[in-house]
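The values are calculated or read from the model by the stated rules, or taken from the named source; none is laboratory data. Just so you know, these numbers come straight off a predicted model, no measurement behind them. Cβ sites come from the backbone with ideal geometry, for glycine too, and all protein chains shown count toward neighbours. Surface areas here come from the heavy atoms of the whole protein model, side chains and all, with no ligands, DNA or RNA. Shrake-Rupley method; radii C 1.70, N 1.55, O 1.52, S 1.80 Å.
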Amino acid sequence: MSENKGIPPQHDLNAKWDACLDLGVRRFVYASAAGAFAGLLFFRSPVTRWASVAFGAGVGIGSAYSDCSQKFDGSSQTSPGVAKD
């Protein structure tokens, strides 16, 4: 393994990629599980149950993508409509 002793944490791309991969997989799995649970709870048809799982997976991937792109851009603003004081 390579050592990153001289690289500040905000410029360490390996750590950012590791964190984003971990975040993406975790949010994909949790959102898919939430979609599966909601599908079992609310829908009878297998097609709509699978659609709720797919929707949950899309929400998880989308939220992970937005957080990771914010992490790589280095911006500290949480949303475009929020003004910093």
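The table that follows gives values for the structure above.
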| quantity | calculated |
| --- | --- |
| Subset of the range 38-57 (residues that are in contact (Cβ under 8 Å) with a residue 12 or more places away in the chain and not hydrophobic (A, V, I, L, M, F, W, C)) | Gly39, Arg49, Ser52, Gly56 |
| Count of residues meeting criterion [farther than 18 Å from Cys68 by Cβ and open to solvent by 90 Å² or more (accessible area, probe 1.4 Å)] in the range 9-42 | 4 |
| Positions within the range 44-85 being open to solvent by 90 Å² or more (accessible area, probe 1.4 Å) and at pLDDT below 90, in sequence order | Asp73, Thr78, Pro80, Lys84, Asp85 |
| Qualifying residue in the range 9-21 (condition: modelled with pLDDT under 95 and in a loop (DSSP other than H, G, I, E, B)) | yes |
